[in-house]
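A short worksheet on the structure shown next.
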């Protein structure tokens, strides 16, 4: 059996509103990890900020310097004029950006999908021609936002905004990487026209606010790729760039999350048969004070299923400081299939001058069989990012990545659901999934099962979630820690992501089989599918005279029925076992004639979980699984 030694895996221990210290990564057992949100860009839309201190609407192109990485063809790089020239303009961007000022705007492109092939290994920069003295504009206050209007869509782009105080060293202050990728018919991923973006750059200019440069930069999000269509852009438009004064009172809820289980991991889709009545969800939010005044008694309120859960009183947040607040009470869902909207909001002693960025929403879904960490929704349509390989990996290097899960009840995994992203590489790609179990004694991840290799050849396999059936069902037991991941053999196909993940809870293997923990990760859209249909043992209906249907309803609480057919008269025995093989019940059906028959099982004396029912005759036996939900 394959094993991988666990020397870098870090998982977190979570409580409602306390945090534990970071410990050494070189450990022999699971240790606690302080719950760290990834660093957030303080960005949001439609912000009504203070006075405009500086502005540029591209009426004079000479106020900007264009560096198109030695590309001379006008179809490559930045340009400044009043005409939309990107290859996608005939369908999605016919008039360019509908900015407030109108007239000239900045636009970046990189060939097109028809006649002008994409340039690879390029970075296109648009930079202010001279520096801006923000210290003079604010009389030494230096608490400012960069604001601009944009339009476009994200493919495999890296569309970022950078700030410099010396013209040589640059700090990224904003990126569109958190946006949904425009793929298939997902036109909702196109940015609003225009979209107003505001970014607090106060920290980025502290070294020298008297000389500040602004840069808009474009490159591929996979800069090491030599595959040409990974350098495609639909287009990115910029106009009405401003430096604006910060408000006096301005809290921002950067990120919000919920957590459950002993490891405190986020789960956004739960299977109905889990012991939901005993699962508690805690909530937290990462908050930044973007205003000029200290904000006192800041409270995070989380409302779900008609009840509000709040963080403790007494939290003050100083100017430009951030904090993470935790609710003191928890939420327990019921087992009804459906969705729970979750609303996060901030309050403080002082009225916020810009309350639009004080709230966020999430959804917890209760499904039939799916167990998921990601926030992409039941059908994966809300995926917001993607990953193809490890940073710095060589072209066409094998790659795998996935999420750590805590198993909440004894169960049986029959398949794995995966959402792919981007485009199908030339010649297609092979994708597979695997499950590893963590052993606390040996400190190893043990290989436990995998799917067949699946050949990805068309866009429908990218657009829709793919279900990969495991070669054999895998029994999972309450309290186990497992790693579920998807991989490729170097074809550079992408796996979708959605929602920030705790560091140490997304893992994978590089091309040499080394276990890797990415920093500031997002949840991978890789899910456990507990659909019981594949979860059977010793089935071979071709060698038996029994044809057995799946029990219905399933999952069930109370009675469920099983229809079966005999091809000849036989003496029928029925046995029910749990995941450990323990016999729960034995029923002698006696002699049954050829034809259709019905069995009824009752769950009154059975705990919630997965069970197997086996029908035996003199010619063989057939086993299928069923799920009791209570």
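We did not get these values from a lab; they are worked out from the coordinates using the rules stated. Nothing here was measured: the structure is a model prediction, and the numbers come from that model. Using ideal geometry, Cβ is built from the backbone for each residue, glycine included, and neighbour counts are taken over all protein chains shown.
Between residue 51 and residue 63, how many nm apart are label points set 7 Å from Cα along the C-beta direction?
With each label placed 7 Å out from Cα toward Cβ, I get 1.8 nm.
Once you place label points 7 Å from the Cα toward the Cβ at residue 549 and residue 100, how far apart are they in nm?
The answer from the label model is 6.4 nm.
Report which label in (i) 47, 32, 22; (ii) 51, 29, 21; (iii) 111, 78, 23 holds the value of semi-axes √(5λ) of the Cα gyration tensor in Å derived from the coordinates of this structure.
(ii)
Under the rule a/c < 1.5 gives rounded, and otherwise a/b versus b/c splits prolate from oblate, where does the range 423-553 land using the Cα gyration tensor?
It is oblate, given that a/c is not under 1.5 and a/b is not larger than b/c.
Which of rounded, prolate, oblate describes the range 251-368, given a ≥ b ≥ c as roots of the alpha-carbon gyration tensor eigenvalues and a/c under 1.5 marking rounded, otherwise prolate only if a/b is larger than b/c?
The shape class here is prolate.
Quote to one decimal, in nm, the extra length available between residue 459 and residue 172 on full extension: 0.36 nm per residue of separation minus the C-alpha distance between them.
Value of the extension gain: 100.0 nm.
Going by average Cβ neighbours within 10 Å, how do the peptides 585-595, 227-237 rank, with the highest at the top?
The most tightly packed comes first, giving 227-237, 585-595.
At 0.36 nm per residue, minus the direct Cα-Cα distance, what do residue 303 and residue 394 gain on full extension? Give it in nm, one decimal, please.
28.1 nm
What distance in nm separates the simple spin-label points at residue 575 and residue 600, each placed 7 Å from Cα in the Cβ direction?
For the pair residue 575/residue 600, the computed spacing is 2.6 nm.
State, as an integer percentage, the relative contact order of the range 362-483 based on alpha-carbon contacts under 8 Å between residues 6 or more apart.
Result for the range 362-483 is 32 percent.
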